[in-house]
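Notes for the one structure printed next.
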Amino acid sequence: MTQARMTREEMIAYMEREGQLDPNCPGCKEFYDSPGLPYDVFAPSHKASGGCESGKRPHCTCDTCF
């Protein structure tokens with residue numbers, strides 16, 4: 001299933017499985033509270049990029065992650 005055809009709930013479940021969202025993380029709250037799709041939220045993912053330049057912390061805002 002492509003992301004363009006996923007429902008909001010399916011997309012959230014997919015992002016949780018991939019580590020991009022964590023339901024217990026306060027920093028992920030805006031993704032869950034958004035009425036639209038999680039990919040429409042302009043905020044860093046819970047999961048840092050593999051090439052993170054700043055310690056691979058959740059919601060990293062280094063140039064590589066964000």
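Tabulated values for the structure
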read-out	value
Charge dipole (debye, nearest 20) of the chain; +1 at Cβ of Lys and Arg, -1 at Cβ of Asp and Glu	120
Protein accessible area in the chain, 1.4 Å probe - carbon and sulfur %	50
Correct choice for Kirkwood radius over Cα pairs in Å that was computed from the model, options [x] 15.5; [y] 12.3; [z] 13.6	[y]
Accessible solvent surface per residue of the chain, calculated while the other protein chains remain in place, 1.4 angstrom probe, Å²	68
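The values are calculated or read from the model by the stated rules, or taken from the named source; none is laboratory data. Please read these numbers as outputs of a predicted model, since none were measured by experiment. Here the Cβ is made from the backbone with ideal geometry for all residues, glycine too, and neighbour counts use every protein chain on show. These accessible areas exclude ligands, DNA and RNA; they are computed on the full protein's heavy atoms, side chains included. Shrake-Rupley method; radii C 1.70, N 1.55, O 1.52, S 1.80 Å.
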